[in-house]
Amino acid sequence: MAKIVLGAGTSHSPMLALNAEQWPRYSQGDLKHQELVFPPEGFAMPYDEGLQKVPTLIREKPLTDEVFQTQVDACQRGIAELAKTFNEVRPDITVIISDDQDEWFFEDNMPTFSVFWGPSVPIRPRTLAAGFRDPDIMESIAKGYGDIEMDVPVASELGRHVIEYMIDHDFDVSHFTYVKEKYGGTVARRYPKEVGELDSSRDTEPRDQGLPHGFAFIVKRLFDNEPRTILPIFENTCYPPNQPTPKRSYEFGKAVADAIRAWDSEKTVAIIASGGLSHFVVDEWLDTTVLDALAKKDAETLKTIPRNRLYSAASETQNWIAVGGAMQDTNLNFELIEYVPVYRTPAGTGGGWAFARWQ
């Protein structure tokens, strides 16, 4: 039977591809953001409105070069330590649980869970328009998600086995085996406001799109552009109305681990969550509650994280919850390598960047 030898979780923020000098310039884009979701209620609002609601303690946090450099260093240590761990363990297959954000899935097809099990998957270097951030920043971000064109091998046999196992165990998963040349479409952000919900959608013109950023980050930053065998598993964490609940994410991850152990193979397998934790507004309650529950293998807490804490990109925390489920019945122990709550503006925008492993 296949053996799970490693678990991990990593943030994959664009900030992790930037230096300390770029961080404050990157943060200026937040001032124009119209869809920020503020804890604890989880209401979406523009930056200026959110600024009036955050506590004074947050508005007065120091946003200095020294603070940012210390945080950059901590984040890079976390990434380097995870990369070292993967190099030491060298699993035969790395299962990556992450989400898609306007890359491969749009409103013409937005599955709650999906598994890619084609023979390989391409990474294509990105070209990102500057928009309301500086060109050098967008260039650094693009490179941070893959700067070398390559085909990454996929564990197709495991992928099919996982799909069939999940169907047999009451999870209706989508699947796909090939990648189109171009992807584009519309995605709506139906996040709640204090009254009603956002009436907001984004249109993406068809363009070349390789492996989505949450997966490509692993190959680029943890595998150092070495195309090791992966299995991409998607959760629609970000976009209502068909997001899984935290309980469903947890049970999904647990079933993925059961499927791996039931696979008739001698392969060794790692499972990693990519994304999160809280962002685009820092929510230290969410971050520390989840990290503490992961350390304690506290299934009940992980399954009952309030939904209002998990709108927008904070929902990527559910990828960690899924891996928490996957680790529940293993003898692997959780170790938090780094947790860095990064406040980049007086409104508390930023994120809780975290790096952890189960060994």
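General observations
- Options PHE217, THR317, GLY29, ranked by Cα towards positive dipole end of segment 3-358, top entry (Cβ charges): THR317
- Exposure proxy order (Cβ contacts within 10 Å, fewest to most) of HIS12, HIS161: HIS161, HIS12
- Calculated FRET efficiency, ARG25 to GLU49, Cβ-Cβ distance, R0 = 25 Å: about 0.60 to the nearest 0.05.
- Basic side chains Lys and Arg get +1 at the Cβ, acidic Asp and Glu get -1 at the Cβ, and with that the dipole of segment 3-358 about its Cα centre reaches some 260 debye.
- For the chain, the square roots a ≥ b ≥ c of the C-alpha gyration tensor eigenvalues yield an a/c under 1.5, which makes the shape rounded.
- Top positive-direction residue, dipole computed over segment 70-128 with Cβ charges, set THR94, SER114, TRP104: THR94
- By other beta-carbon atoms within 10 Å, ranking LYS193, LYS220 with the fewest at the front produces LYS193, LYS220.
- For THR301, the shell of other residues with beta-carbons less than 14 Å away shows a net charge of +1, using +1 for Lys and Arg and -1 for Asp and Glu.
- DSSP assigns beta bridges within the chain; of those with both partners inside it, close to 60 percent run antiparallel.
- Classified by the C-alpha gyration tensor, segment 101-220 has an oblate form. Its axis ratio a/c, with a ≥ b ≥ c, is 1.5 or above, and a/b does not exceed b/c.
- Summary of the geometry: segment 141-159 and segment 17-70, compared by the centres of their Cα atoms, lie 31 Å apart.
- All other residues whose Cβ lies under 14 angstrom from that of THR288 are scored, Lys and Arg at +1 and Asp and Glu at -1, for a net of -4.
- Legend: calculated FRET efficiency, ARG202 to GLU66, from the Cβ-Cβ distance at R0 = 51 Å, rounded to 0.05, equals 0.90.
- A straight line joining the Cα centroids of segment 164-184 and segment 300-314 runs 24 Å.
- Neighbourhood net charge (13 Å Cβ-Cβ; Lys/Arg +1, Asp/Glu -1) for GLU316: -4
- Exceedance of the 21 Å cut-off in Cα-Cα distance is limited, within the set LYS61/LYS296; LYS220/LYS267; LYS254/LYS297, to LYS61/LYS296; LYS220/LYS267.
- Cα gyration tensor shape of segment 59-114, rounded if a/c is under 1.5, else prolate or oblate by comparing a/b with b/c: oblate
- Radius of gyration and maximum dimension Dmax of segment 233-341, Cα, Å: 13.7, 44
Every read-out reported here was derived from the displayed coordinates using simple, explicitly stated rules and does not represent laboratory data. What you are looking at is a predicted structure, and each value in this text was computed from that prediction instead of being measured. For neighbour counting, all protein chains shown are included, and Cβ atoms are generated from backbone atoms with ideal geometry for every residue, glycine included.
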